[in-house]
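As structure tokens, the structure follows; a few thoughts come after it.
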Amino acid sequence: MRRLSLVFNLKIRAIRKYLMFEGRFNMLKAGVAYVKEMQGGQGVCAVSANYAADLKRERMLFRGLPNILPLDNATDPAEDQGAAGIDKLRKMRFEAKAALQKHCDLDQDPGAKILIFIGRWVKQKGVDHIAMLTQDILRSRREVQMVLAGPPDDAFGLYAQELLAPLKSIFKGRLFVCTEFFRLPGELRRGAHLCFTPSCSEPFGASARCYVDVEFGLLGVPSVGCAIGGLGKMPGVYFRQQNADAPDMLIEAFYCAIDYALDLPEPQYWQMAKAATKATFPFIIWRENLLEAGLNP
């Protein structure tokens, strides 16, 4: 306790009152305590309806709050407001795919379906599940190419890196792996066929700018992954997490979702891609909901 007092320049009495929860140091406790004392417990928001419900149900720290409201992040709409028809989306995909394949040193294959994951390699994002399925997907699906990029940030990310390292030479021209910070130009992202979002406990699957599923969806790239937290609000193919502590079940469900997505008839797939470009999350609605959260009795 004394060391915490010295590190944070706080009195031990304040640490005991505001920063200790269930016998452990917890900085979030101070935020919750402040909201209770200064705002009557009002104004707490989560990034999705699912996550708000989970916090109330599963997290003891939040149980003294009168309510936790869902508040999806706002983001800019697609540049053309989703006005592009399917024929135009196909044309943009064709051009972007060629550029993406060149950028990532993949085989120039106009008929390829590129599956992509860009983000931190951590357990919450399910990157180890992607790595465990990569070989099976590439062997069974000759039309598939994969782009997997991001820095490993925990043991699961390092495990994924070890699994993928020998596969780069086996599937040269079909698998691109980059285990460091990787910035892919926005237009090249249009070249992907599906965006991986197999998050295990991620509240919303965020990138530096916005939701990953939203970012790719607005470019006409549907998601395939787990409908957990804020995920599942964009057109895509999702599975429900039945048991977070059963990795075999999660991996099998993820594989089935990928299989289903890759087997979608072309008209159905492009209708889904088109619908994704029309998604809107306006700032004005976000602001109104935020104000309402603070005013709720």
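The values are calculated or read from the model by the stated rules, or taken from the named source; none is laboratory data. All values reported here derive from a predicted model rather than from experimental measurement. Neighbour counts are summed over all protein chains in view; Cβ atoms, including those assigned to glycine, are modelled from backbone coordinates with ideal geometry.
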Restricting attention to segment 183-201, report how many residues are closer than 22 Å to Phe254 by Cβ, modelled with pLDDT under 85 and surrounded by fewer than 24 Cβ atoms within 10 Å (Cβ to Cβ). 2
Hey, any hits in segment 109-130 for a residue that's at pLDDT 85 or above, within 19 Å of Gly191 (Cβ to Cβ), assigned to a strand (DSSP E or B) and charged (D, E, K, R)? yes
Mind counting the residues in segment 143-162 that are surrounded by fewer than 17 Cβ atoms within 10 Å (Cβ to Cβ) and either touching a Gly at 6+ places or on another chain (Cβ under 9 Å) or part of a helix (DSSP H, G or I) (or both)? 5
Reported set for segment 97-114 where residues are more than 19 Å from Pro152 (Cβ to Cβ) and either in contact with a strand residue (DSSP E or B) (Cβ under 6 Å, 6 or more places away or on another chain) or buried (at least 22 other Cβ atoms within 10 Å of the Cβ) (or both) is Lys97, Leu100, Gln101, Leu106, Ala112, Lys113, Ile114
Could you check how many residues of segment 145-199 are in contact with a helix residue (DSSP H, G or I) (Cβ under 8 Å, 6 or more places away or on another chain), closer than 29 Å to Met92 by Cβ and small (Gly, Ala, Ser)? 4
Identify, from the list Phe25, Phe8, the residue that is outside the structural domain of Leu291 (by TED's automatic domain parsing), within 30 Å of Ile228 (Cα to Cα) and surrounded by 12 or more Cβ atoms within 10 Å (Cβ to Cβ). Phe25
Here are Leu264, Leu218: which of them is modelled with pLDDT of 80 or more, surrounded by 19 or more Cβ atoms within 10 Å (Cβ to Cβ) and not hydroxyl-bearing (Ser, Thr, Tyr)? Leu218
If you check Leu138 against the conditions, is it among the aliphatic types (A, V, I, L, M), part of a loop (DSSP other than H, G, I, E, B) and either touching a helix residue (DSSP H, G or I) at 6+ places or on another chain (Cβ under 9 Å) or under 17 Å from Asp263 (Cβ atoms) (or both)? no
Could you please tell me which pairs satisfy a Cβ distance under 6 Å, a separation of 6+ or placement on different chains, a first residue in segment 279-295 that is within 27 Å of Met38 (Cβ to Cβ) and modelled with pLDDT of 75 or more, and a second residue that is among the hydroxyl-bearing types (Ser, Thr, Tyr) and in a loop (DSSP other than H, G, I, E, B)? none
Residues located in segment 163-202, provided they are hydroxyl-bearing (Ser, Thr, Tyr), assigned to a loop (DSSP other than H, G, I, E, B) and under 21 Å from Gly236 (Cβ atoms): Ser199, Ser201
Given the criteria at pLDDT 85 or above, within 30 Å of Tyr269 (Cβ to Cβ) and surrounded by 12 or more Cβ atoms within 10 Å (Cβ to Cβ), does Met92 qualify? yes
Quick check, is Glu162 touching a residue at least 60 places away in the same chain (Cβ under 8 Å) and out of contact with any strand residue (DSSP E or B) (no Cβ under 9 Å at 6 or more places or on another chain)? no
Restricting attention to segment 163-172, the residues that are buried (at least 16 other Cβ atoms within 10 Å of the Cβ) and closer than 14 Å to Arg139 by Cβ number exactly 2
Helices (runs of 4 or more DSSP H) lying entirely in segment 1-59 (those with 1 or more residues that are touching a Gly at 6+ places or on another chain (Cβ under 7 Å) and of a type outside the set (Gly, Ala, Ser)): 27-39, 49-58
Output for segment 139-155, where each listed residue is hydrophobic (A, V, I, L, M, F, W, C) and within 15 Å of Phe117 (Cα to Cα): Val144, Met146, Val147, Leu148, Ala149
Would you check which residues across segment 28-40 are surrounded by 13 or more Cβ atoms within 10 Å (Cβ to Cβ) and more than 29 Å from the chain's Cα centre (by Cα) and list them? Ala33, Lys36
Look through segment 126-142, keep the residues that are free of Cβ contacts under 8 Å to residues at least 40 places away in the same chain and charged (D, E, K, R), and return whichever of them is surrounded by the most Cβ atoms within 10 Å (Cβ to Cβ). Asp128
